[in-house]
Amino acid sequence: MRIARRAIRRMEPFDRAIFLAIRFKNAGYEDLAERHDMGIEEIEKAFARAVHILITTPPSPWWQIWRY
């Protein structure tokens, strides 16, 4: 969970909004494209950038995990 929170904080605001809408609000690409007045390709690219950040965010060092 900590890695996911760190990754979401690292995302650009637009990419974060698209990622959260798709993953947690079950919004579709077409719906988001209409809502933001963009093409579906732009929504796909924003989601792909967000997933890339999620995948490449390294875990916290071990000494930051073991807090009292």
For region 1-56 the number of residues that are touching an Asp or Glu at 6+ places or on another chain (Cβ under 8 Å) and of a type in the set (A, V, I, L, M, F, W, C) is 6
Over region 31-45, the set of residues surrounded by fewer than 14 Cβ atoms within 10 Å (Cβ to Cβ) and part of a helix (DSSP H, G or I) is E34, R35, I40, E41
Within region 18-30, residues being open to solvent by less than 70 Å² (accessible area, probe 1.4 Å), part of a helix (DSSP H, G or I) and either closer than 9 Å to A50 by Cβ or not aliphatic (A, V, I, L, M) (or both) number 4
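The values are calculated or read from the model by the stated rules, or taken from the named source; none is laboratory data. These numbers come from a predicted model, not from an experiment. All Cβ positions, glycine included, derive from the backbone under ideal geometry; neighbour counts span all protein chains shown. To get the accessible areas, we keep the full protein, side chains included, count just its heavy atoms, and leave off ligands, DNA and RNA. Shrake-Rupley method; radii C 1.70, N 1.55, O 1.52, S 1.80 Å.
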